[in-house]
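The values are calculated or read from the model by the stated rules, or taken from the named source; none is laboratory data. Just so it is clear, the model here is predicted, and its values are computed rather than measured. Neighbour counts are summed over all protein chains in view; Cβ atoms, including those assigned to glycine, are modelled from backbone coordinates with ideal geometry.
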Amino acid sequence: MTPHSTAHSTPHSTAHSTPHSTISDLLMKTAVRPAAVMARGSGSYLWDEAGNRYLDFIQGWAVNALGHSPAVLREALTQHSALLLTPSPAFHNRPQLELARRLVELTGAHQVTFLNSGAEANEAAIKLARKWGRLHKQGAFGVVTTHGAFHGRTIATMAASGKPGWDQLFPPYPPGFAKVPFGDAAAMEAAIDSTIVALMVEPIQGEAGVVVPPPGYLAALRRLCDAHDLLLIADEVQTGVGRTGRFLAQEHEQVRADITTLGKGLGGGVPVAAVLANERAACFEPGDQGSTFGGNPLMTGAALAIVEAVSAPAFLAQVREQGDYLGNVLDELASAFGGAVARGQGLLRAIVFDRPQAPALTDAARARGLLVNAARPEILRLMPQLAVSRAEIDEMATLLRQAYASLTQA
Ligand SMILES: *Cc1c(COP(=O)(O)O)cnc(C)c1O
């Protein structure tokens, strides 16, 4: 397979062709990466240093809400970098205040705090629930989470996650996390006892391969929390900020979680995350939580520009429309491939095979200039930018068909 190329090589093209002891050996081996070095991006496209162009349906892991380096984000970064970078978390700054106000307006939350990554936001959400348990539930601190969940890579958020094998990686983990099957409200209810303070779920499990729960699941968890006086924590780090066609995925079921976390798409490509809490749950006091870079004006100014663009009703309607279109295209592809089904919501989608086809298909697609993600050996995940066009979706389908055909011919 030869790399898809739309431009000839740049002078850097030999950088990844050295057979051994390459510069990439200087990086800790935390991930298996292809040799290409990504150099620049624009909208739905990414280019490597060799000049190969890729249609990007990974988008920084569902991060680049408006695609690579959109003008609104570049302008916000330019404006805020010239004004003020970090006054210290001990002082107010205007973009942080405005972003808090906008998120409260959009979600009905009472208060917000800002962090730098999804894991940190979830860690803070767990702390908030534990504090609330101390104040209102005789010290209850247990959180019920789900098998297959992904809540982050700090020790506590790994303990909250249900990724297969993770319990063996870095023990001992902090106690206080019970695990039940995802999508099963009765199992959640059975796990509730006097030690439990919160139920924590992703509205759709992203990293597990876009696992969509049965309709009514989130609403059922909301009722359980109301009946048992518990907090509902929605990890919307992947599903939030328009990804599913609503500003928050929980809106599809008219549910309001007590605590919601945002990350990934919030900054449109730069690191910023948030914890939103309603009045009942917002019990942090000075000293309980903090972050050196949390809420800095460069990142919150960037996020404000992204949130303004994405939350516009016409924009969200467009995400739903393109999401439906992508869903139909993936249904067709899945039936053409055979032994496969498509699933997902909005612009968070997957094709699930009955065989471990996704890694080879991902490689074959990349060789043809298409970036998609093998979330699991049998699951191909697609998370294009929210402003993806129909022509780009059609181009994806053509490239994916070619990639699939190359596998079956091999
Ligand atoms: C990516 C993700 C996280 C972790 O976010 P980081 O920014 O990588 O720490 C947490 N929860 C969900 C649902 C995610 O998709």
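Remarks
- Any hit, the range 161-177, residues being in contact with a Leu (Cβ under 7 Å, 6 or more places away or on another chain), within 16 Å of the ligand (Cβ to nearest atom) and either within 24 Å of LEU248 (Cα to Cα) or not aromatic (Phe, Trp, Tyr) (or both): no
- The conditions of being within 23 Å of the chain's Cα centre (by Cα) and more than 14 Å from the ligand (Cβ to nearest atom) are met by PRO181.
- Subset of the range 97-126 [surrounded by 20 or more Cβ atoms within 10 Å (Cβ to Cβ), over 18 Å from GLY267 (Cα atoms) and not acidic (Asp, Glu)]: ALA109, ALA124, ALA125, ILE126
- If you check GLY295, GLY301 for being of a type outside the set (Lys, Arg), touching a His at 6+ places or on another chain (Cβ under 6 Å) and within 25 Å of HIS80 (Cβ to Cβ), only one passes: GLY301.
- Residue count for the range 244-263 satisfying the condition of being farther than 15 Å from LEU103 by Cα and near the ligand (Cβ under 10 Å from one of its atoms): 0.
- Test: residue in the range 67-78 that is without any contact (Cβ under 8 Å) to a residue 60 or more places away in the chain, over 24 Å from the mean Cα position of the chain (by Cα) and more than 16 Å from the ligand (Cβ to nearest atom): yes
- Count of the range 129-158 residues which are over 15 Å from the mean Cα position of the chain (by Cα), within 16 Å of the ligand (Cβ to nearest atom) and part of a helix (DSSP H, G or I): 4
- Sole exception among (1) more than 16 Å from the ligand (Cβ to nearest atom); (2) part of a helix (DSSP H, G or I); (3) under 14 Å from GLN289 (Cα atoms); (4) not small (Gly, Ala, Ser) for VAL112, by number: (2)
- ASP193 being surrounded by fewer than 18 Cβ atoms within 10 Å (Cβ to Cβ), of a type outside the set (A, V, I, L, M, F, W, C) and farther than 21 Å from GLY133 by Cα: no
- Counting only residues that are out of contact with any strand residue (DSSP E or B) (no Cβ under 9 Å at 6 or more places or on another chain) and in contact (Cβ under 8 Å) with a residue 12 or more places away in the chain, the range 247-270 holds 6 of them.
- Members of the range 77-96 that are surrounded by 13 or more Cβ atoms within 10 Å (Cβ to Cβ), aliphatic (A, V, I, L, M) and under 15 Å from PHE293 (Cα atoms): LEU84, LEU85
- Restricting ALA129, ALA140 to residues that are buried (at least 24 other Cβ atoms within 10 Å of the Cβ) and over 25 Å from GLY60 (Cβ atoms) narrows the list to ALA129.
- Filtering the range 20-41 for residues that are touching a helix residue (DSSP H, G or I) at 6+ places or on another chain (Cβ under 9 Å), farther than 22 Å from LEU399 by Cα and at pLDDT 95 or above leaves an empty set.
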